[in-house]
Amino acid sequence: MNDLDCITQLICEIGKLPAIGPDEVMMDAGFSSMNALQLLVELESAFDITIPDEDFITAQTPRALESLVTRLREQ
């Protein structure tokens with residue numbers, strides 16, 4: 001499973017969403033702000049990174065989160 005698939009799966013599981021497209025805004029798909037906090041913790045754990053809050057807030061799609069995760073892992 002690649003990073004985008006992993007992130008998409010986490011979003012769907014946490015938000016109890018049937019599916020989400022890679023460029024779909026999570027909040028528009030029904031993801032709540034309470035789900036976002038859990039997603040942040042899960043992403044940090046799954047990828048062994050620390051995600052700055054301001055970067056997480058601006059990454060609103062699965063693809064944007066994948067890009068953020070990739071950038072942070074390369075630092």
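Output the residue which, of all residues in the stretch 1-30 that are closer than 11 Å to Thr61 by Cα and buried (at least 16 other Cβ atoms within 10 Å of the Cβ), is modelled with the lowest pLDDT. Step by step, filter the stretch 1-30, then rank; the result is Ala29. Report yes if some residue within the stretch 59-71 is surrounded by fewer than 11 Cβ atoms within 10 Å (Cβ to Cβ) and over 13 Å from the mean Cα position of the chain (by Cα); otherwise report no. No, the stretch 59-71 has no match at all. Among the residues here, Glu24 does not qualify as in a helix (DSSP H, G or I) and at negative phi.
The single condition among (1) part of a helix (DSSP H, G or I); (2) out of contact with any Pro (no Cβ under 6 Å at 6 or more places or on another chain) that Arg63 does not satisfy is (2).
The values are calculated or read from the model by the stated rules, or taken from the named source; none is laboratory data. Quick caveat, the model's predicted, so the values are computed rather than measured. A quick note on method: Cβ atoms are made from the backbone with ideal geometry, for glycine too, and the neighbour counts reach across all protein chains shown.
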